[in-house]
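What follows is calculated from the coordinates using simple rules that are stated; it is not laboratory data. Just so it is clear, the structure is predicted and the values come from calculations on it, not from any experiment. No Cβ is skipped: glycine too gets one built from the backbone with ideal geometry, and neighbour counts run over all protein chains shown.
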Amino acid sequence: MTPGKPARAAGVRRSAVALVLVALVGLAGTAMAAIALHNAERDRLTRALGQRTTIISQAISAEVSRYANSLTDLAAAVGAQAELESAEFTAITAGVDRRRLPGATGLSLVIQAPDAQVAALQQRWRQRGATELTLRPTGSGPHRFAVLDKSLDDTGSSAGLDLSRSTQAVEAMNAAEAGHRVTVSRTYRLLKDSDLAPERRQLSFVFVAPVYATSPGAPDSGRFRGWLVLGVRGGDFLSEVVADSAGDRVAVTLLDGSTGDPLPMADWRPEVALDPSAGVRETEVTVAQRAWTLRVEATQRLLAGTDQGLDKVAWLVGAVLTALLLALTATVVTSRNRALRRVDEATAALRDDIERREEVERRLRQRETELVGFAGVVAHDLRSPLARIMGYADFLQEEAYERLDDMQRDFLARLRTGADHMRVLIDDLLDYATAENRAMSTVPVDLHRLASEIARERSGDRPAEVTVGELPTVYGDPTLLRQVLDNLIGNAIKYTPADREPCVRVDCYPVAAGRWRCEVSDNGIGISEKDRAAVFDAFTRVGGSENFPGTGLGLAIVHRIIERHHGRVGVDPNPSGGSTFWFTVPEDARVPASH
Ligand code: ADP
């Protein structure tokens, strides 16, 4: 059992490593896919934000130009009047409304007047149709009064207001007069909005166009008359301008940087959360003589409808795939470990079994050795009483035979046969015991001489043709090898039916690994295939041998002796009838193994 443990521990370690590797590879692949998708998504987002910013910036520029052009046209129309009346102003500005100019609060004609001329100015414009005009000068002059006004929202008329109170408006007016062109003011809160509820107040700005008298018939022809001032609320302006192009996809902030720190003058904030991953785009928008900053931020709807969130899907899919892969690997490694464990258990059981068998075999051998030793001792001890029995039987035969009657003679014959049989058995038993226990001397043995001597001796028993071939000199114990050849040649003659002359042939052939294979072939009764393996067991006599004397020990003795020479024995059918017994012996004393 124990040798399996380290192997199993290594297996568990390998399984753990495999699982960790699979997890790492799965997560790394997922992370890479997710990062790639995330980057691609961010790129798309950044591009989309850039495109939006360009569109919005162009929309604002176009709108500002339209406002400036409209104001220039209106200023030209006002300047073209020889003597401007309130009614003409109303007619000129009739086409101007909030639909055409989103965010506009009102359009005023502004005239400058020093303190001394305020009353005269009010008088003059009342005569020109602004009957309810009341100028409301603030501070010391010169004042800049809105003498005519077209209100474009519900916050009331600006007529009579003194715009000189607003430095931003004054600045823009001065710049317009000096530059002869439309200007835009810095961001501020309109004077007319100071009465509004706080939540309705917005940061605003004004477009200013200089008005010059252009009619040749006018008394002030060619001179500067005043300003046309268009108030615009930043928030309303921005909402109208960017509503379409920004929608709920981006948040837009317009900042006026002309006062130092950029001041957010208008905001477009859809009710959708921002997506900070796209960053913030800022660009400059030229508005008349100044530049505003346009800040655009993506909302989470910027890429709505496209494949956003793919990185999260990739994580999810990757995690699921990794989990599946892990489960699969775990199944494979557990099955493998289980199989390995079973193999370990089976191996251990087999090893136990082998050990048990070896133990049984060892005991059997020990018993057999004891038995053989015992048989040897018994046989040896039986020899002298048997010799005496035979001696007396011989004595009776020789000295008292004449005095015996027939029955006694028959008994004597039976006694002699039994004693003879017993002698053979005792001799065989002693040979068997000797073959097992006798100390061996390994010397060169001339097999040819040995076989020839045996053939000669055996021919005395019964006429037989024994042919001895070219036999070699091999290494072995001469006494034991003599017993082998004697048994085989003796059997070959004995197991040939009495009506046939035994024809025996002894031959040897070199075989692989430095050994000889010697064969003794006969033309005897042969051995059936099923009995061939058993004939070498002690006391085994197979079918067909009933009529032949024997103890069943001869081949067991041969087997023992050849085993001790590290050889093998066997029997094959002789192709020409009968049997061929064979054994192998070493050609050289140094060859140890049996083949
Ligand atoms: P046994 O004393 O009976 O001859 P062996 O061990 O020599 O004992 O032989 C065992 C059995 O093998 C014999 O009883 C016989 O049946 C068979 N046998 C041995 N040699 C031959 C042979 N040459 N031809 C046929 N049968 C044989």
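Observations on the model:
- Among the trypsin sites (Lys or Arg not before Pro) found in region 87-144, those both in a DSSP coil and sparsely packed, with 11 or fewer other Cβ atoms within 10 Å of their Cβ, are 99.
- Amide hydrogen proximity for residue 204: with H placed 1.01 Å from N in the peptide plane, the residues at 5 or more positions away or on another chain lying under 5 Å are 188, 189, 190, 234.
- Which of 138, 283 has the fewest Cβ neighbours within 10 Å, and the rest in rising order: 138, 283
- Positive-pole candidate from 478, 266, 157, dipole of the chain, charges at beta carbon: 157
- Long-range amide H partners of residue 570 with built H, under 5 Å: 582
- Loop trypsin sites (Lys or Arg not before Pro), region 509-595 (other Cβ atoms within 10 Å of the site Cβ: 14 or fewer; DSSP): 590
- Whole-percent pair-distance distribution, where bins are 10 Å wide, for the alpha carbons of region 90-161: 21, 47, 26, 7, 0
- Expressed as a fraction of 2.2 N^0.38 Å, the value expected for a compact globular protein of N residues, the C-alpha radius of gyration of region 382-434 is 1.31.
- Taking every alpha-carbon pair under 8 Å whose residues sit at least 6 apart, the chain reaches a relative contact order of 11 percent.
- Here the dipole of the chain is about 2720 debye; that uses its Cα centre as origin and unit charges on the Cβ of Lys and Arg (positive) and Asp and Glu (negative).
- Using the Cβ-Cβ distance between residue 244 and residue 313 with R0 = 45 Å, the FRET efficiency computed as 1/(1 + (r/R0)^6) comes to roughly 0.90.
- Cleavage-rule hits, trypsin sites (Lys or Arg not before Pro), region 416-505, DSSP coil, Cβ neighbours within 10 Å at most 16: 438, 500
- Residue-wise HN-Hα coupling along region 90-98, computed from phi with Karplus coefficients 6.51, -1.76, 1.60 (Hz; x: Gly, Pro): 4, 5, 4, 8, 4, x, 8, 9, 5
- Where Rh is the Kirkwood radius over Cα pairs, Rg/Rh for region 281-427: 1.97
- For region 443-586, the equivalent ellipsoid derived from the alpha-carbon gyration tensor has semi-axes of 22, 17, 14 Å in decreasing order.
- P(r) weight above 36 Å for the chain, C-alpha pairs, percent: 68 percent
- Length added when fully stretched, residue 85-residue 331, from 0.36 nm per residue minus Cα-Cα: 78.8 nm
- Farthest toward the positive end of the dipole of region 443-586, out of 556, 502, 452, is the Cα of 556, where the dipole comes from beta carbon charges about the Cα centre.
- Computed from label points 7 Å out along Cα-Cβ, the spacing between residue 62 and residue 13 is 7.4 nm.
- Residue 324-residue 568 pseudo-label distance in nm [points 7 Å out on the Cα-to-Cβ vector]: 5.8 nm
- Cβ-placed point charges (K, R +1; D, E -1), dipole of region 443-586 about Cα centre in debye, nearest 20: 260 debye
- Those Cys residues of the chain for which no other cysteine Cβ falls under 4.7 Å: 503
- Between residue 99 and residue 416, the contour length at 0.36 nm per residue exceeds the alpha carbon distance by 98.6 nm.
- Simple point charges give the picture: +1 on the Cβ of Lys and Arg, -1 on the Cβ of Asp and Glu, and for region 344-387 a dipole about the Cα centre of about 400 debye.
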